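Okay, so here's the structure we're looking at.
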There are 2 protein chains.
Amino acid sequence: MTIVPDDLTGRPVVPSAGRLRPLGLREVRITGGFWGDRQSVNASATLEHNLSWERRVGWIDNFAAVVDGRVGRDRRGREFSDSDVYKLIEAMAWEVARTGDAFAVASIEELAKVIERAQEPDGYLNTAFGHPGQAERYSDLEWGHELYCYGHLIQAGVALLRSGVGGPLADVAVRAADHVCNTFGPSGNQGYCGHPVIEMALVELYRITGERRYLDQAALFVSRRGNGVLADVEFGRGYFQDDVPVRDTEVFHGHAVRALYLASGAVDVAVETGDTALLAAIERQWAATVARRTYLTGGMGARHADEAFGDDFFLPPDRAYSETCAAVASVQLAWRLLLATGSPKYADLAERTLYNVIATSPADDGRSFFYVNTLHRRAIGGLPASDRAHPRAESGVRAPWFDVSCCPNNLARTFASLAAYLVTADDDGLQVHQYADATVSTRLPDGRPAGFVMSTGYPDDGAVVLRVTETSSSPWTLSIRVPAWAEGAVLVGPDGTRRSVGPGMASVTAVFAAGDEVRLGLLMRPRWVRADPRIDALRGAVAVERGPLVLCAESADLPAGRDVDAVRVDASVPLSTDESGAVVATGALVDDDDHDWPYAAGAGDAGSDPASIRLIPYHSWAARGPATMRVWLPTI
Amino acid sequence: MTIVPDDLTGRPVVPSAGRLRPLGLREVRITGGFWGDRQSVNASATLEHNLSWERRVGWIDNFAAVVDGRVGRDRRGREFSDSDVYKLIEAMAWEVARTGDAFAVASIEELAKVIERAQEPDGYLNTAFGHPGQAERYSDLEWGHELYCYGHLIQAGVALLRSGVGGPLADVAVRAADHVCNTFGPSGNQGYCGHPVIEMALVELYRITGERRYLDQAALFVSRRGNGVLADVEFGRGYFQDDVPVRDTEVFHGHAVRALYLASGAVDVAVETGDTALLAAIERQWAATVARRTYLTGGMGARHADEAFGDDFFLPPDRAYSETCAAVASVQLAWRLLLATGSPKYADLAERTLYNVIATSPADDGRSFFYVNTLHRRAIGGLPASDRAHPRAESGVRAPWFDVSCCPNNLARTFASLAAYLVTADDDGLQVHQYADATVSTRLPDGRPAGFVMSTGYPDDGAVVLRVTETSSSPWTLSIRVPAWAEGAVLVGPDGTRRSVGPGMASVTAVFAAGDEVRLGLLMRPRWVRADPRIDALRGAVAVERGPLVLCAESADLPAGRDVDAVRVDASVPLSTDESGAVVATGALVDDDDHDWPYAAGAGDAGSDPASIRLIPYHSWAARGPATMRVWLPTI
C-alpha cells in the first residue's frame, strides 16, 4: 500500500479527539537554553554514539545475518535488540524533522536497506526467532519480545512518515503491522506480548493511515490482557500486567516500563474508540500511582529485582530503580492524558520527570547514561569503563552502553522530539505546558495564524516571556501552565496589568498584536519538602527543591573523606544561597562512629560538627567523578 | 578406601584446634520446649514433606535418568537440584543420630542406591552436566554449581559417617572428593565454584579421614578466589566474592549465602592450618557485617535482585530479603567462630538468628516455609497454593515448595542437628551457649564425666536451671552465656549464693555433686529498641524486643480494614502486658488520607485515633492467614 501521511508537522501523537491538539516539530522549535543544549548534544553526540555501539555489539549485523542465512549461528545481543535499532531510527527521523540532519538521513537510508531485506514475504521480521537454529516464531510470547520489536518498528515508521523522511522502512513497518493483524486478529493467535508497546504503535499507524484494523488490533491486545494467556513467570503474572484486565486495574504495578507503555496504548485506544470508561480507568490508575508509588523526581519503579513498581509507599531512596526508560514512558503517558483531558497535573508530572530523571540520565557529553536513577548513593563505586557494554546492575554510574541498552535510545528519541511536548492548541488559542527558549508558529483550528517566541532562563530563573509574532484581528487566548509548586506567581498581560496566579492554567484573552508580551513570573526560592509519613524510608528526612529541580547533596562538596551519610540538616533554618548561586542548608556532619550492634535502647547520632551543606541540582550529580549522593537529608 | 570415623557423637563440625570443643547429638539431647517442639515437627512432618516434593518435582528421578541414559532428555529442576537431595540426606542422617528414626534410615538407603549408580567411574557425579545432550563438565563454573553439589554431597557423607548410618553414600562422597582433588588440584583446573560450600565440606572430610589433600584442596579454593578466574556476570564479580581475595575483604558482600558459606570454609581452613591472619580477617569481616549490614532479626542479605548484602546501612525493612538459607549459613559461621575464639558474641548472634529467622520460616505444621523473611509486609497477598512449587519471588507468604527449594532442606538439617549447637567443652568444664530443655552427658578432655539437665521455659520466661547429673570428685566449671541484651541478670550457684552477672559468660567453678543446681535468671521485660540513625529506612521508628524475640505488629490484631501502616507508637510510654500475656504498646492508628502528591512543605500524618497496639513474636506472624506486618513502628 502507499501511505499518504496526513501531516508532516512532526507530531509523535495525533489523537483524533480529546481536549487539546498537539503541535509538531515544524511548529514548535526549541532555540536554546536548558533543553536546547540537550538537543544539541543529542544531535551532535548521542545519535552517532548509539549507532556506533549498535554496530559494535552486533545488533545491526543481526539483520545482515538474517539476509545471509547465518543468524542462527551469529546472532548477538538480547532477544529484543532489534527494537533498539528501531528506536534509534525513530530518534534520527525526529532529528531530521527538527534540523534536516544529513547524518541522520544517510544513516536511516543505510539501515533501511538491510532491515528491508531481512523481512520475510509475509511481513514477519525478527532476528531472534524463526530462522534455522532458532526457536519458532511466537513460541515465547512471555519473553520473546517479537511484538514489542514490531511496536518500535512501527513507531519508527510513523516517525519516518511524519518527519517527511519516508523511504522503504515505512513500508516495512506497514507490512509488519499487517502481518500482526493477520496473525493475532480476532480469529488468530489469541496471545499478546509480554512487553507492551505494539498497542500505541498500532493506534498511531491507524491515525496516519486510517486503516481501522490497526486500531481494532490494538484494542484487542488491550482487552485480551489480564486473562492469563501468558505463562506464569518467576516474578508472577503481575510483572507483565497479565494478572488483572487493564480496565479493572487499580494502580500501575509490575514492570514499570511495561505498565506505562500499556497504559499509553490504552489511552490511545480509549480516545479513538470513545471508550470513556477505559480512559477514566487509566486516569484513576495514574492518580493512585502518583500519590503512592512515585519518587520525588517523578521516577517510577522502585524495585531492582523486577524493574517494577513496589507496593504503595514502598519508595526507598537508596537503590531506587527509577529507570530512565520508565521516565520516558511516564512522559509519553502524561502527554496522552494531557491531550485527552487538558488537566495541567499531567504536564506538572512531565516537567518534574523531564528535569529530574530524563535530564539526569545522560552525561554532559551525551556519551554515557544512567540506566537507573537512584535518589541515594551510599558507596563510591568505580568509574565504568568507556570501552565496554555494562550490565544493568552496574548502572549506578553512567556507562557508555549496557547489555540492555534501551535507555540511550529512548533518551535520543525523547530529546529529538521534545519540542512537540511543549505547546498545544485548542479552538480558543494556544497553551504553553513546558517552558523553553522556543519559537511557535501555527494556525488555530479555524485557520487563523498564531505564533510567539518564548524566552526564559528557566530553570535558573523564573521569568517566562511570550512575545506574540503571529496573530489575527480577532481575539484568541494564550495560556500558560503555572506549576503546582509555584506560590506567589504573577502574570503580566500585554497591557501591563499584573495579577497573581495560582497553580493551573493562567490565560490572557485578547486581540493580540505582534510584539505583545505575556509574562509569567515564578518565585524560584529554594524550599523544604517533606514526605507523606507512610513512605517509611523518608521519615525524619527532608528534601530541597528549587523551581522544578530536585536538589541533592554530593560528597564532592563535603570535606575530604566524608560522605553524604554524615549530612544532617536543620529544616527550621531557611535555606540560603552562596556567592556562586548554590543553595546552602544549615546543618552538621556527624561522626562515623561504629557500634558492635546497631540496635539499642539509646541508639543515636555520634558527635557532630556544624556545617553548611551545599546542594546541587540532582540532574547534575556524578559529573565530577564517582561520588556519594543523597536527595533526602536527615534532620538534626 | 575404607573410612573409619573418628567419632560417632554426631557433631557437624569438629575442629582439631580452637578455644572450645563441640559436643554432639549423642551427648546433648533436646527434650522439649521451644526447640524440642520444632525438632518434633521436623522429624514427623518436614523430612517426609521434603522427600515427597523432591520426588514430585523430579529431582530424585534425575539420578535414575542418568543411570538409564535419558537424563539429557528428561532432566527436571534447576542445575543445582542434586544438592537439595544431598541436604535432605544430611538432615535425615542427623535425625538418625538424634532418634534412630526408621523412616530416615530407609529413605537414605533407597536414595543411596540410585545416587551410587549415577556416579561415573572417575568419581564425577552430577545430573545436569556431562551426559549426552548436556553441556560439558565444568563448562560453566560461574552458574553450573557442580562443585557446590559435591559440597553438599560430602556434607551428607560426613553426616552419614558421624551419625553411624554409613552406607554406600559415604563412599560416593569420598570418591567425589577424590575426583575434585584430581581435577582441581594444584596443577589441574585453576577454577573454583560460583557458589562456595565445597570448602567447608572438604575440611570436614579431612577432619574425619585425616587425608591432607582434602584440606589442601579447600585451602586452594579459598586462596584462588578473588582473582577473577570466573567470568563477569550481570550482578558483577562481587556477587560470588570473586572481586577481592578472601583475606583482603573488608566486609561480607555479594550473594549472602555464598558469602557466608565461603567465610565458614575460610574459618575451617584457617583453624586447621593455623592461619591466624585468615581467621582474623573473617572475624573483622563478621564484625563489620554485624555492625552495618545485619537486620534486627539477625537476617542477612537485604537485596532481592541478587539475594545480596547491600552497602553499609542499606537495611530497608520492607522487602527485606533475609533469606532463610542465609540465616542457616550465618549460624554455621557463628558456630565456627565461637569454637575458634570462645567469644559469646557469636552465640548472641546465633540465638538472635535462630529465634527470629530460622524459627520464622516454617509454618507450625512444618509443611510450608518462608524463603525470605521480610521485616515489613505492606500489602496482603494471596495464600499460596499448597499443591504447586512457587517461584522465589512469591515467597512473601509461606509456600510448600519453591522452584529453588534450598530453604526447606537447610531448615531440616539445622533442626535435626540443633542440639549440637548448644553446649561445648574445654579443659575446665562445660559451656552453655543456647538455652533449651536438654540433657547433657559427656566427658571432659581429661576423661572426667560431666553432665547436667537443662530446664527452662525460655523464651517465654527467663529462668534457666542446670541440674548436675554427672560429675567427679574434682572441681570443674559450668559456664552459661548471659545474652548481650540482658540487664539485671542473676546467677545462683549450687550453694545458693546470688550474684549479678553482665553480658558474656557467667561461670561457677566447684566440686559439683549430682543434684547441684546452677540457675540463671533473666529479666524478660519487653524493651524499646532504636536503630543506628545511619540506617535511613528506620529513622523515626522503634522496635520492641522481649528476651531473644523480636516482636511485630500484625494486621490480624488491628480493627478490620486497617493495616499495619496505620500504626504509630509512643515510645515514651512503657510497654505493658495484656491479660493474655501479649506485649502492648500505647499508640494510635492514623487515617489513610490520600494527597494528590505525597511530597509537600507540611506533609504529615492525617488524623489519628488512640489505640493499644498488640505485639506478637515475629516468628509467629502470618500464622492466622495473610496479613500485613511490621517490626519497626513509627513513633507518634
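The values are calculated or read from the model by the stated rules, or taken from the named source; none is laboratory data. All values derive from a computational prediction rather than experimental measurement. In this analysis, Cβ positions are derived from the backbone assuming ideal geometry, glycine residues included, and neighbour counts consider all displayed protein chains. Side chains included, ligands, DNA and RNA excluded: accessible areas come from the protein's heavy atoms. Shrake-Rupley method; radii C 1.70, N 1.55, O 1.52, S 1.80 Å.
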If residue A:50 satisfies all but one of (1) of a type in the set (S, T, N, Q); (2) open to solvent by 10 Å² or more (accessible area, probe 1.4 Å); (3) touching a residue at least 12 places away in the same chain (Cβ under 8 Å), what's the number of the condition it fails? (2)
I'd like to know if region B:256-269 contains one or more residues that are at pLDDT 95 or above, part of a loop (DSSP other than H, G, I, E, B) and within 30 Å of residue B:175 (Cβ to Cβ). no
If you go through region B:553-563, how many residues are open to solvent by 30 Å² or more (accessible area, probe 1.4 Å) and of a type in the set (A, V, I, L, M)? 2
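Please indicate, with yes or no, whether at least one residue in region A:590-597 is part of a loop (DSSP other than H, G, I, E, B), touching a Ser or Thr at 6+ places or on another chain (Cβ under 9 Å) and surrounded by fewer than 21 Cβ atoms within 10 Å (Cβ to Cβ).
We begin by selecting, within region A:590-597, every residue part of a loop (DSSP other than H, G, I, E, B); these are A:591-597.
Then drop every residue that is not touching a Ser or Thr at 6+ places or on another chain (Cβ under 9 Å), which leaves A:591, A:597.
Checking the rest, the ones that are also surrounded by fewer than 21 Cβ atoms within 10 Å (Cβ to Cβ) come to A:591, A:597.
Yes, that holds for at least one residue.
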Out of all the residues in region A:492-551, which are on the phi > 0 side of the Ramachandran plot and within 14 Å of chain B (Cβ to nearest Cβ)? A:504, A:540
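Table: residues versus (1) under 20 Å from residue B:416 (Cα atoms); (2) in contact with a helix residue (DSSP H, G or I) (Cβ under 7 Å, 6 or more places away or on another chain); (3) part of a strand (DSSP E or B); (4) modelled with pLDDT of 95 or more.
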position: B:31; (1), (2), (3), (4): yes, no, yes, yes
position: B:35; (1), (2), (3), (4): yes, yes, no, yes
position: B:62; (1), (2), (3), (4): no, yes, no, yes
position: B:69; (1), (2), (3), (4): no, no, no, yes
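Taking the criterion of being hydroxyl-bearing (Ser, Thr, Tyr), modelled with pLDDT of 95 or more and over 27 Å from the mean Cα position of the chain (by Cα), would at least one residue in region A:490-497 satisfy it?
Of region A:490-497, the ones hydroxyl-bearing (Ser, Thr, Tyr) are A:497.
Now narrow it down to the ones that are modelled with pLDDT of 95 or more: A:497.
Then keep just the ones that are over 27 Å from the mean Cα position of the chain (by Cα); that gives A:497.
Scanning region A:490-497 turns up at least one residue that is hydroxyl-bearing (Ser, Thr, Tyr), modelled with pLDDT of 95 or more and over 27 Å from the mean Cα position of the chain (by Cα).
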Within region A:601-616, tally of residues that are at pLDDT 90 or above and open to solvent by 40 Å² or more (accessible area, probe 1.4 Å): 4
Listing of strands (runs of 3 or more DSSP E) fully contained in region A:448-509 that carry 3 or more residues being among the basic types (Lys, Arg): none
Give me the pairs: first residue in region B:28-43 and within 24 Å of residue B:430 (Cα to Cα) and hydroxyl-bearing (Ser, Thr, Tyr), second residue outside any helix (DSSP H, G or I) and open to solvent by less than 30 Å² (accessible area, probe 1.4 Å), beta-carbon distance under 9 Å, and six or more apart or on different chains, which are they? B:31/B:436; B:31/B:438; B:31/B:454
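Residues to consider are A:398, A:377, A:467; find the one that is farther than 26 Å from residue A:302 by Cβ and open to solvent by 10 Å² or more (accessible area, probe 1.4 Å).
It is A:467.
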Quick one: in region A:253-284, which of the residues that are within 14 Å of chain B (Cβ to nearest Cβ) and open to solvent by less than 20 Å² (accessible area, probe 1.4 Å) is farthest from the chain's Cα centre (by Cα)? A:254
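Could you tell me whether region A:518-538 includes any residue that is more than 31 Å from the chain's Cα centre (by Cα) and in a strand (DSSP E or B)? Step through it out loud before you land on a result.
Just the residues of region A:518-538 that are more than 31 Å from the chain's Cα centre (by Cα), to begin with: none.
Within region A:518-538 (the criterion being more than 31 Å from the chain's Cα centre (by Cα) and in a strand (DSSP E or B)), the answer is no, since none of the residues qualifies.
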Is there a residue being part of a helix (DSSP H, G or I), assigned by TED's automatic domain parsing to the domain that holds residue B:274, farther than 30 Å from residue B:617 by Cβ and not hydrophobic (A, V, I, L, M, F, W, C) anywhere in region B:83-93? yes
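Considering only region B:446-466, I want to know if a residue exists there that is within 14 Å of chain A (Cβ to nearest Cβ) and at positive phi. Give the steps one after another, and end with the answer.
Kept after step one, since they are within 14 Å of chain A (Cβ to nearest Cβ), are these residues of region B:446-466: none.
Checking region B:446-466: not a single residue is within 14 Å of chain A (Cβ to nearest Cβ) and at positive phi.
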Go through region A:536-552 residue by residue and tally those that are crowded, with 23+ Cβ neighbours inside 10 Å and among the β-branched types (Val, Ile, Thr). 2
If I ask for residues that are among the β-branched types (Val, Ile, Thr) and assigned to a helix (DSSP H, G or I), which ones from region B:274-310 would you list? B:276, B:282, B:289, B:290
